[in-house]
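Worksheet: one structure, shown below.
The values are calculated or read from the model by the stated rules, or taken from the named source; none is laboratory data. Everything quoted here is computed from the prediction, not taken from an experiment. Backbone-built Cβ (ideal geometry, glycine too); neighbour counts: all protein chains shown.
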Amino acid sequence: MDFAYSTKVEQLRARLSAFMEQHIYPNEARFHAEIAAHRAVGDPWLPTRVMEELKTLARAAGLWNLFLPQSELGAGLSNLEYAPLCEIMGRASWSAEAFNCSAPDTGNMEVLARYGTAEQQRQWLAPLLEGRIRSCFAMTEPAVASSDATNIESSIVRDGDAYVINGRKWWSSGASDPRCQVFIFMGKTDAAHANRHLQQSMIIVPRDTPGFSIVRHLPVFGFDDAPHGHAETLFENVRVLAANMLLGEGRGFEIAQGRLGPGRIHHCMRLIGLAERALEQMCRRTLGRVAFGKPVAQQGVTVERIAEARILIDQARLLVLNAAHMMDTVGNKVAAKEIAMIKVAAPNMACQVIDWAIQAQGGGGMADPFLAPAYAAARSLRLADGPDEVHRAQIGKLELAKYRSAAA
């Protein structure tokens, strides 16, 4: 396998890096200041002007919808080609939206592009691709252990030419954003089906449908993640057209596997960029601070941590590239183990590297405007899209299966 970047990717990396230097990093303070101003008047979910300006610039620069693998709707990149670009976007946790490459929209657009009908694509995929609206993926529930998705209790019941939806979801990312106009909702259409993986379905729910409400906002380690955020949501006798069903009844798990593979690896790609920036900050900080008569960078423990961080980041990057290569060549299902491996490795790596960067800052590290939210984001990804324990169990089962087959 060859992980060398093609000429096309190198050119995109250069253009994307230049855009980050010219437009993203200089606007970080403005982005957070706008959110703070909205928060002060009681509505942190209002879209920021700077983001809308950046989206216009990114689209004009041809840095738009880079994520859709080998699709005419995007840049026509493979997962392997997209990986280094996603890493660059991850250096600022909020910047992916500027390129229309942020979660959960990317996963939802992939679902609609892969499984949606022509009408569903016209109504929802087209405005998402244009960046005119945003979306939400409503799967996890507070009343059950959603790490086992067969536990999901929400119901989707056919009633004539419609479906009636009832359920309580949480960690509905982006639900509070007024631009979020559509939900992809997972629930059970046949709770009695003998095959537990054919009980669930996914259906499209427009935001303005009667019966939908936001129960509360859910902060992450005290951060509200505005203007994106996460919410607990309630669907009470929500009625949508039968034509809103995705792929067909009982196909929810099939769609979930198709959606979560790319979503998981995109998170991991961005985490590598986040960790790289934390390491850079750690190196610069420790070179400029003196303790016990010499720069902190010359203290033995600091040098060791910098070296270990370099090793951990490069290991994770190679695992991501390998998983992306397998997704491109043998498909997401065959690459399930590799996707699970990176989903465990990357968040744990990022947590460790960012933790060392915080430690190197001293007391200021806990309030650093980049490091503190970066750690919260990395730590949350040890749970989002499946907790470490579930992925480790899958990896272990797949590894043991090779030996069981041999023994048989």
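Overview of results
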item	result
Per-region count, region 176-196, residues surrounded by 15 or more Cβ atoms within 10 Å (Cβ to Cβ) and outside any loop (DSSP other than H, G, I, E, B)	9
Filtered residues of region 282-298 (kept if surrounded by 13 or more Cβ atoms within 10 Å (Cβ to Cβ) and either over 34 Å from the mean Cα position of the chain (by Cα) or at positive phi (or both))	Arg289, Pro295, Val296, Gln298
Only one of Ser93, Ser172 that is under 19 Å from the mean Cα position of the chain (by Cα), more than 22 Å from Glu236 (Cβ to Cβ) and small (Gly, Ala, Ser)	Ser93
Number of positions in region 262-307 that are closer than 30 Å to Ser102 by Cβ and free of Cβ contacts under 8 Å to residues at least 24 places away in the same chain	3
Failed item, numbered, when Ser172 is tested on (1) in a loop (DSSP other than H, G, I, E, B); (2) without any contact (Cβ under 8 Å) to a residue 60 or more places away in the chain	(2)
Filter pass, Ala92 being at pLDDT 95 or above, surrounded by fewer than 24 Cβ atoms within 10 Å (Cβ to Cβ), out of contact with any Lys or Arg (no Cβ under 6 Å at 6 or more places or on another chain) and under 30 Å from Thr209 (Cα atoms)	no
Among the residues listed as Ala143, Ala126, the single one being without any contact (Cβ under 8 Å) to a residue 24 or more places away in the chain and either within 23 Å of Gln257 (Cα to Cα) or in a helix (DSSP H, G or I) (or both)	Ala126
Candidate set from region 97-110 (those that are crowded, with 24+ Cβ neighbours inside 10 Å and aliphatic (A, V, I, L, M)); member that is nearest to Val330 (Cα to Cα)	Met109
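Per-residue answers, yes or no, for (1) of a type in the set (S, T, N, Q); (2) modelled with pLDDT of 95 or more; (3) within 27 Å of Lys343 (Cα to Cα):
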residue: Ala162; (1), (2), (3): no, yes, no
residue: Ser176; (1), (2), (3): yes, yes, yes
residue: Leu198; (1), (2), (3): no, yes, yes
residue: Pro210; (1), (2), (3): no, yes, no
residue: Leu218; (1), (2), (3): no, yes, yes
residue: Ala226; (1), (2), (3): no, yes, yes
residue: Gly250; (1), (2), (3): no, yes, yes
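To keep it simple, each residue is scored yes or no on (1) assigned to a helix (DSSP H, G or I); (2) surrounded by 14 or more Cβ atoms within 10 Å (Cβ to Cβ); (3) of a type in the set (A, V, I, L, M, F, W, C).
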{"site": "Glu280", "(1), (2), (3)": "yes, no, no"}
{"site": "Thr302", "(1), (2), (3)": "yes, yes, no"}
{"site": "Ile306", "(1), (2), (3)": "yes, yes, yes"}
{"site": "Ile313", "(1), (2), (3)": "yes, yes, yes"}
{"site": "Leu318", "(1), (2), (3)": "yes, no, yes"}
{"site": "Ala324", "(1), (2), (3)": "yes, yes, yes"}
{"site": "Met341", "(1), (2), (3)": "yes, yes, yes"}
